[in-house]
Amino acid sequence: MDRFESLCKTKGLRMTHQRIEVFRELAKYPGHPTVEAVFKKVRRKIKTISLDTVYRTITTFEDLGFIKRIHILDNSARYDTNLTAHHHLICTNCKAIKDFYWPEFDKMKPHKAISGWGRVDIKHVVISGLCSNCKKKR
Ligand SMILES: [Zn+2]
Ligand SMILES: [Zn+2]
């Protein structure tokens, strides 16, 4: 939460109770939550909060660069509080998304086909399959 406080200070965002709770849940949630998932958690603490408020709060965080939106599974936007360069492991069964680091890949020169294509802004690796928990259950 110290990070949230300093982010708010640098961006001039007022720290409200609602914003604090939304950010806390975003940061705590394992596996990159959806807006709905954050809403369900925050509602336990703030009974009067609406899905729309949580949605708008998360959009504000995204606009200010506090969090990143990732689109990897189906169409639902998931949010990532980890802003350092990283990649994702996705379980197609339980839909959990885990971060992983691959510094060798990050340093790798783009393949000829890519440099001929245009300008690369994002290099993001997505590995999908069955996580070990789901694999065990099958
Ligand atoms: Zn799984
Ligand atoms: Zn991530």
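The values are calculated or read from the model by the stated rules, or taken from the named source; none is laboratory data. Values in this document were obtained by computation on a predicted structure and should not be read as measured data. Cβ sites come from the backbone with ideal geometry, for glycine too, and all protein chains shown count toward neighbours.
Structure notes:
- Listed conditions (1) in a helix (DSSP H, G or I); (2) aliphatic (A, V, I, L, M); (3) closer than 30 Å to K135 by Cβ are all met by L7, apart from (3).
- Subset of the stretch 58-106 [away from ligand 1 (no atom under 16 Å from the Cβ), at pLDDT below 90 and over 13 Å from the mean Cα position of the chain (by Cα)]: N75
- Selection status of I58, in the same structural domain as K11 (by TED's automatic domain parsing) and not in a loop (DSSP other than H, G, I, E, B): yes
- When I72 is tested against (1) in contact (Cβ under 8 Å) with a residue 60 or more places away in the chain; (2) more than 18 Å from R19 (Cα to Cα); (3) assigned by TED's automatic domain parsing to the domain that holds E21, exactly one condition is not met: (1).
- Taken over the stretch 108-138, the criterion of being assigned to a helix (DSSP H, G or I), away from ligand 1 (no atom under 16 Å from the Cβ) and surrounded by 10 or more Cβ atoms within 10 Å (Cβ to Cβ) is satisfied by I114, S115.
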